[in-house]
Structure formats: structure tokens, C-alpha cells
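Q: Would you mind keeping the following structure in view while I ask a few things?
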Amino acid sequence: VQLVESGGGLVQAGGSLRLSCAASGRTFNCMGWFRQYPGKEREFVAAITWNGRTTYPADSVKGRFTISRDNAKNTVNLQMNSLKPEDTAVYDCAAKETLYCSDLRGEYDYWGQGTQVAVSS
């Protein structure tokens, strides 16, 4: 299993970025995005069910970030709008085998390598 993220970069505050994660060969029941600040544990950002009908954004990104998925392409995307300097982090894609989504990093089975997002003020 391989998860490959893309789409990170540098953007000014108030700008937008779109992250994508391609999963190799499988469709997972739940996929999510986490972010990690230097020296900190991964923090939940958003998750989405296998059919894309239910999403779970963290309170810190609600109304600004949107998670979506395309099972035909085995991808999950994170559209990030109204970015703030505090959104600067490494963003990781994660996949979960079991049915229900979760905001707990320990419940995800597979992880991507991470993509850096930097927001300048």
C-alpha cells in the first residue's frame, strides 16, 4: 500500500492550496488528513467516509478546508482556503481499514510521506 501526497507549497495568508493523495490499488473505508508542527504530534485535520457522503473537519479548519474523494481515481483531496500562518505544517494523508472514520491518529493504518504547507503573513 502506498499513499502519495502532492500539492503542498508556499502561499500568502488568505490564499488557497489543494492537496491530493493517491492511494495505490485500493479503496479504503475512511481516509483522512493530519498535520504535524515541528516537535509536536500529528493533529487531525479532516476525514471522509468511503462513499464521500460524510466528512469530519476539525473545528480549527471548519468552513475553510474541504475534504473530498474520487474513488474512481483512488484519490482524496484537501481544498484549503483562507489559509492562515498557523496552518503552516507538514500535511499527511492517512488511510483506515475499518469502517468508521476517526480523529485519532493511532487508528489509521497507512500513512503518506507528507507534504509541506507554508503560509506567509
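The values are calculated or read from the model by the stated rules, or taken from the named source; none is laboratory data. Model, not experiment: these values are computed from the prediction. Positions of Cβ are backbone-derived with ideal geometry, glycine not excepted, and every protein chain shown enters the neighbour counts. Heavy atoms of the whole protein, side chains included, go into the accessibility calculation; ligands, DNA and RNA do not. Shrake-Rupley method; radii C 1.70, N 1.55, O 1.52, S 1.80 Å.
Q: Under unit Cβ charges (Lys, Arg +1; Asp, Glu -1), what dipole magnitude, rounded to 20 debye, does the chain have relative to its Cα centre?
A: On the way: 13 positive and 12 negative charges, 57 e Å.
Charge dipole, the chain, about its Cα centre: 280 debye, nearest 20.
Q: Ignoring ligands and nucleic acids, what accessible area does LYS40 show with a 1.4 Å probe (Å², nearest 10)?
A: 130
Q: Please calculate how many Å² of accessible area the chain carries per residue, with a 1.4 Å probe and no DNA, RNA or ligand atoms counted.
A: On the way: 6180 Å² over 121 residues.
It amounts to 51 Å² per residue over the chain.
Q: Distance between the C-alpha centers of region 8-26 and region 44-121? Whole Å please.
A: Here the answer is 10 Å between Cα centres.
Q: Also, I was wondering about something else. Counting only the backbone N, which residues of region 15-38 are under 16 Å from the spot 7 Å out from the Cα of GLN2 toward its beta-carbon?
A: Under 16 Å, as judged by backbone N against the label point of GLN2, lie 21-27 of region 15-38.
Q: In the neighborhood of ASN74, defined by Cβ-to-Cβ distances under 14 Å, what is the net charge if each Lys or Arg adds +1 and each Asp or Glu adds -1?
A: Numbers: positive: ARG26, ARG69, LYS73; negative: GLU5, ASP70.
Every neighbour counted, the sum reads +1.
Q: Taking all protein chains as present, what is the carbon and sulfur share of the accessible area of the chain, in % to the nearest whole number, probe 1.4 Å? Numbers along the way, then the final one.
A: Working: 2960 of 6180 Å².
After summing per-atom areas, the C and S share lands at 48 percent.
Q: Taking the Cβ of ALA22 as the center, what net charge do the other residues with Cβ under 15 Å away carry, scoring Lys and Arg +1 and Asp and Glu -1? Spell out each step's value before the answer.
A: Details: positive: ARG18, ARG26, ARG69, LYS73; negative: GLU5, ASP70, ASP92.
Every neighbour counted, the sum reads +1.
Q: Taking every pair of alpha-carbon atoms in the chain, give the share separated by more than 24 Å as a whole percent.
A: On the way: 1240 of 7260 pairs.
Percentage above 24 Å: 17.
Q: Also: If you take the charge dipole of the chain about its Cα centre, with +1 on Lys and Arg Cβ and -1 on Asp and Glu Cβ, which of ASN71, TRP33, ALA23 is farthest toward its positive end?
A: Value computed over the given set: ASN71.
Q: How high is the relative contact order of the chain, in percent, counting Cα pairs under 8 Å that sit 6 or more residues apart? Could you put the intermediate results ahead of the total?
A: Working: 316 pairs, mean separation 44.2, N = 121.
So the answer I get is 37 percent.
Q: Could you pull out which residues in region 68-97 have an amide N less than 17 Å from a spot 7 Å beyond the Cα of ARG105, following the Cα-Cβ vector?
A: Correct set: 87-96.
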